[in-house]
């Protein structure tokens, strides 16, 4: 009986998590849709002006034709209702500019963005862990220097960093191509540009926790058992020190997705960034809403995964 | 139709680091120049041997912006359409109209009926025959009511005069006009009026945007959104324009048309040999590019990039105040300073310098003269000053709000506006800048009747036929939306219409120039700079040229690779 109810509780909590994630996604979609529809400026006017590449008030007849075509003449509640109904049926609508299903547009672009974000997260972790384990807690020049570099990396704008990396490593030294496309070698610079900044953040967090844990009694006892310094650091201390970093990773995915938009533009990489920027500047409501919706979904899923990861890293934590 | 410039980042106003970034980039590019000049100097190009140009190879072209559809009114779409479709006629650099899909044509004595003979045995790349009927369907679609087929470039020129397009024989097309319109052939020569397969058009806008079908030298094979458009050679191509350097299929196997929005990436890819040709050379690299690559440049005709002064209410309803504003700032110095010589100043607000009707003397109108500006403002009654030195009339300050968007102004241009802002203050103008992001601008923000005194815009065309679009007065409650000055002058409009109906070249040019002088004198628009199209090509690639229809689209049809030792 006890086992059963515990399982029920667990399933109930998972369901609760899922509902709250779904709520986040729904709110994101609603917010984006409404904000864009309610922003000053007529959507039909934008569509006409974008098509002609010029500005100027269109004639009433022209506006009426476009309004009817896209259903802008319907009440906003009805437009919203149709939008949400569509989402529930897996239909994110048609792009005003590309005239294609939004789902197709996002599907063909999201792969490279996810690859970039995940690669950057992994790279940031590797950089943060290696530098921390090797240097943290040692009161020497290297430790101070590392801390300084981390603060610098955490604050430098990735857009600027990306351009510098590009000019130095691609245009000057020609170690990597300027136009990497979707090839693995093309991933190196964009990943570095995103990861270096994040590794600064992660490194700072992991490092301060690491330094604190180094002074815990179990570390002294491990040392007393004759364990080597690196062993202590990797097997015992890191496990504790990583927790705040893992929490941060959930947030980091959100940051990486938004950072990827800028980085993709710099490196002319395919991805959601280009789509989102183009759609925002032409106020292509279905595409922007769709991209936000999918990003919010990714963010929610990642955070659920982060919660689960806690328990693997530190079994003492129960899901509450 | 306009060239929308700059990357999307600029459009969104994400620019806090760019100034710093630009400097860093400039320094690094300069260093890279020094390093590479020595390498490049050794390599002089050599023409292909006697057997004619070499066949084969894919041109790797680094372009700038990606449109949402592969055809349409935006020049980014013209560039692409030029590759896969053919026009009825072509326009040469000297402005002469030459045969393309139409081998010959006649114009009736009353100038209202055009009969075109269509080149035989031409097929669209989906196999549909290109005959008079196909062309007629295209033209009727451009000027019809279906918003998916309507052509936003052709319509404002032709909607008043067009009556019908019909196939009177399989290869004979008749276009009938209600009133004569001499610039018709110029309009037909623009890439947005490229002829598309009527069979393909029936597939609907969504499919056509992605895989349009023309009869051109290249075929759209695949559009990888966010990355590139892949063109492959049309092996059966038999309809090159008569002024091309050869006939028959293209020499190269295809084009990899890549979208490289960042200028460092774009120009950098040419430096590293990852591109064979790139578009829009950045101002910081202008000198470097000229010393190292073959640089092609086309200054677009039609209007220059100009300041349109709102003439329908104070203060600019008074021509003296408009002229005073023109004299009050050294626009030439502002433009030359900001664009580092990459773009020339254009003082003629009516017409850009590459238009055949351009009067070069007007390129020196309204030179910097604060004394004259003050004198004119005094005459206009702006005699009081407030404590900041701003002129007042009836207690109201002389405020000039300039609306502009990165959609129409390269980022360097913003500096020029700041210079104008500072200088005009000396004459007593309070200039306020109203930067507007692209989406808001297209939605009409800062563009309402009470929102601006000046707006920065342009419209590319072959030449003075643009006057119809700019200066047609409002009719029957129908506002001319392309007249942001709201300057309405029936006398000017009469001259423009008379010019359009004048088939004697000298007479027409004289009439258009009369209108041009009038526009400049009335100062409803003030010149600023021009729009240009620039390409830098590697020494490996020869015979790329720019179309002279109006926009300057890159033409890769004659291009071929050479062996470089």
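The values are calculated or read from the model by the stated rules, or taken from the named source; none is laboratory data. This one's a predicted model, so the numbers in the text were calculated from it and none came from an experiment. Counting neighbours? That spans all protein chains shown, and the Cβs are built from the backbone with ideal geometry, glycine included.
Among the residues of the range B:261-284, the ones that are closer than 18 Å to residue B:342 by Cβ, within 12 Å of chain A (Cβ to nearest Cβ) and in contact with a strand residue (DSSP E or B) (Cβ under 8 Å, 6 or more places away or on another chain) come to 4 in all.
Each residue in the range A:52-98 was checked for being farther than 30 Å from residue B:157 by Cβ and either touching a residue at least 24 places away in the same chain (Cβ under 8 Å) or within 10 Å of chain B (Cβ to nearest Cβ) (or both), and 9 of them qualify. Of the listed requirements (1) closer than 30 Å to residue A:229 by Cα; (2) within 14 Å of chain B (Cβ to nearest Cβ), residue A:120 misses just one: (2). Checking every residue in the range B:237-258 against the condition of being at pLDDT below 95, within 14 Å of chain A (Cβ to nearest Cβ) and surrounded by fewer than 24 Cβ atoms within 10 Å (Cβ to Cβ) gives zero matches. The number of residues in the range B:469-494 being touching a strand residue (DSSP E or B) at 6+ places or on another chain (Cβ under 6 Å) and either part of a helix (DSSP H, G or I) or away from every other protein chain (no Cβ under 14 Å) (or both) comes to 0. The criterion of at least 1 residues that are within 23 Å of residue B:113 (Cβ to Cβ) is met by the following strands (runs of 3 or more DSSP E) wholly inside the range B:165-240: B:172-177. Determine which member of the set A:248, A:230 is more than 10 Å from chain B (Cβ to nearest Cβ), surrounded by fewer than 22 Cβ atoms within 10 Å (Cβ to Cβ), at negative phi and over 17 Å from the mean Cα position of the chain (by Cα). When all the criteria are applied, what remains is A:230. Of all the residues in the range B:207-226, those that are within 14 Å of another protein chain (Cβ to nearest Cβ) and surrounded by 24 or more Cβ atoms within 10 Å (Cβ to Cβ) number 1.
Going through the range B:417-463 one residue at a time, which ones are crowded, with 19+ Cβ neighbours inside 10 Å, over 19 Å from residue B:310 (Cβ atoms) and more than 10 Å from chain A (Cβ to nearest Cβ)? Scanning the range B:417-463 gives B:423, B:461, B:462, B:463.
Screening the range A:267-290 for residues that are modelled with pLDDT under 85, over 15 Å from residue A:186 (Cβ atoms) and in a loop (DSSP other than H, G, I, E, B) and picking the one that is farthest from the other protein chains (Cβ to nearest Cβ) gives A:282. Of all residues in the range B:269-278, which are in contact with a helix residue (DSSP H, G or I) (Cβ under 7 Å, 6 or more places away or on another chain) and in contact (Cβ under 8 Å) with a residue 12 or more places away in the chain? Those that are in contact with a helix residue (DSSP H, G or I) (Cβ under 7 Å, 6 or more places away or on another chain) and in contact (Cβ under 8 Å) with a residue 12 or more places away in the chain: B:271, B:275, B:278.
Residue by residue through the range A:176-208, note down the ones that are surrounded by fewer than 23 Cβ atoms within 10 Å (Cβ to Cβ), free of Cβ contacts under 8 Å to residues at least 60 places away in the same chain and within 11 Å of chain B (Cβ to nearest Cβ). Within the range A:176-208, A:176, A:177 meet the criteria. The single condition from (1) within 11 Å of chain A (Cβ to nearest Cβ); (2) under 23 Å from residue B:185 (Cα atoms) that residue B:466 fails is (1). From the set of residues in the range B:398-416 that are surrounded by fewer than 23 Cβ atoms within 10 Å (Cβ to Cβ) and at pLDDT 95 or above, which is farthest from the chain's Cα centre (by Cα)? It comes out as B:399.
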